[in-house]
């Protein structure tokens, strides 16, 4: 990408209505545009970050044999009424609309019901199971509080995965595989040192579900962890009875704030039973399908990474999720010419600041945008056959031979 040819403009000040750090910095750096409270557009740089996050998640899920689909956002009320979840008294975050010819549709806040309903057409026998299906899709939730940038949106991007099994033991095995995949995902996106599987309420269908909480000052959840963080509990289950079950002492735990970035849940028959998802077993008897569901908030993940790594100068992206690896600047006639030559053939990993601006402005934008490495080629560095490379995370600068750049 050439900055001289993009419509993106950086801002020196954050919009007055954007108080969250992630929202303010992502807006100033030209990653997102705010439509209204809780609703954002993703500009070219922001979309590249989203795509990188998706690709990391996709890679890990595909290794498990999961299949990707894309389902509709518009929802048939009849399906959800079978589980009682279309009622505003039961689920108070629906966006609903009336059809011109009569009837009501909803915009999906999640996809358990339509996924199960669809699978009724494809699952008849034990030979059809097990399998797992996931998607990346915008969800819609009429949140009362949408003031945390992209950490809590009314429209947001989620990865939701659903697994289908003949036996609870098989569900348990797959659940463990997803746990392992999630650990790898959070490690790869730069959150491995601060994101923990956390015990949370399982509702009426199981004692616990598991959340993935990233320790973050602006998180909305209160969590408690022991000395080595091998046991992390959400406040909602931090009770003496639960601690006794784990053989833990309340005095051994530290209170902290977390931002939920994922959730995994053994649904068992929660949705397959009321929606009639069944299979014929080896004895020719009808059985109900076991289910699990596993979510990651992709746009929320982007906001958490922005919050975690940002400093007083701007964003700081881990290399695996950054929109570009290098921010290239040419100084002087010879430096600019050589930068042009080096840019050609490496367009997908270089953000080339070829604008007619002062060098200080370019450097300020490089820091604001958070690209991992700023590469400066000037008449002076060319004299040594080198470029000046500055790492955004550490601020360390070194001279690198031209022929070793971008390899």
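The angle between the Cα long axis of helix 332-343 and the longest principal axis of the Cα atoms of the chain comes to about 30 degrees, rounded to the nearest 10. Taking every alpha-carbon pair under 8 Å whose residues sit at least 6 apart, the chain reaches a relative contact order of 17 percent.
Here the label points at residue 311 and residue 379, each 7 Å from Cα along the C-beta direction, are separated by 3.1 nm in the simple model. Roughly how many Å is it from the Cα centre of region 160-211 to that of region 212-252, as a whole number? Cα centroid of region 160-211 versus Cα centroid of region 212-252: 17 Å apart.
In terms of the Cα gyration tensor, with a ≥ b ≥ c the square roots of its eigenvalues, is region 336-382 rounded because a/c is under 1.5, prolate because a/b exceeds b/c, or oblate? Oblate, because a/c is 1.5 or more while a/b does not exceed b/c. The label point for residue 64 and the one for residue 147, both projected 7 Å from the Cα toward the Cβ, are 3.6 nm apart.
Given R0 = 35 Å, the distance between the Cβ atoms of residue 396 and residue 355 translates into a calculated FRET efficiency of 0.85.
So what is Rg over Rh here for region 199-320, counting just Cα atoms and using Kirkwood for Rh? Spell out each step's value before the answer.
Numbers: Rg = 19.0 Å, Rh = 17.1 Å.
Using only Cα positions, Rg/Rh for region 199-320 is 1.11.
Over what distance in Å are the Cα centres of region 254-307 and region 109-134 separated? Region 254-307 and region 109-134 have Cα centres spaced 13 Å from each other. Spin-label pair residue 180-residue 82: with each label point 7 Å from Cα along the Cα-Cβ axis, the two points sit 3.5 nm from one another.
Under 1.5 on a/c is rounded, so check that first for region 21-140, then, if it is not, pick prolate when a/b is larger than b/c and oblate when it is not; a ≥ b ≥ c are the square roots of the alpha carbon gyration tensor eigenvalues. Note, shape of region 21-140 comes out oblate.
Taking neighbour Cβ counts within 10 Å as the exposure measure, how do 331, 305 sort from fewest upward?
Values: 331 18, 305 25.
Ranking 331, 305 by Cβ neighbours within 10 Å, fewest first, gives 331, 305.
So how tilted is helix 359-369 from the main axis of the chain? Cα-based, degrees 0 to 90, rounded to 10. It is inclined by approximately 10 degrees. If you take the alpha carbon atoms of region 326-404 and fit the smallest convex hull around them, that volume is 87 Å³ per residue. On the beta carbon distance between residue 128 and residue 74, with R0 = 35 Å, the FRET formula returns roughly 0.80. Here the extension length gained between residue 41 and residue 255 equals 73.5 nm, from 0.36 nm per residue of separation less the Cα-Cα distance.
Relative contact order for region 153-213 using alpha-carbon pairs under 8 Å, separation at least 6, rounded to a whole percent? Could you put the intermediate results ahead of the total?
Numbers: 33 pairs, mean separation 10.7, N = 61.
After rounding, I find 18 percent.
Highest mean packing comes first when the peptides 294-302, 175-183 are listed by Cβ atoms within 10 Å, giving 294-302, 175-183. Taken over region 80-206, the ratio of Cα radius of gyration to 2.2 N^0.38 Å equals 1.27. Neighbour counts of C-beta atoms inside 10 Å place 189, 237 in the sequence 237, 189, starting with the fewest.
Can you give me the angle between helix 168-188 and the longest principal axis of the chain, using Cα atoms only, in degrees from 0 to 90, rounded to the nearest 10? Tilt of helix 168-188: around 10 degrees.
Per-residue ellipticity at 222 nm from helix content only, as computed over the chain with -39500 (n - 2.57) for each DSSP H run of at least four residues, stands at -8000 deg cm²/dmol.
What is the list of residues in region 228-248 whose amide nitrogen lies under 17 Å from a point 7 angstrom out from the Cα of residue 194, following Cα to Cβ? Answer for this model: 229.
Percentage of Cα-Cα pair distances in the chain greater than 34 Å, rounded to whole percent? For the chain, the fraction of Cα-Cα distances above 34 Å is 40 percent.
Could you put 188, 120 in order, starting from the residue whose Cβ has the fewest other Cβ atoms within 10 Å?
On the way: 188 18, 120 14.
In order of increasing Cβ crowding within 10 Å: 120, 188.
Quick note: the coordinates plus some simple rules give every number you see, no bench work behind them. Bear in mind the structure is a predicted one, so any value in this text is a computation, not a measurement. Reconstructed Cβ throughout: ideal geometry from the backbone, glycine too, with neighbour counts over all protein chains shown.
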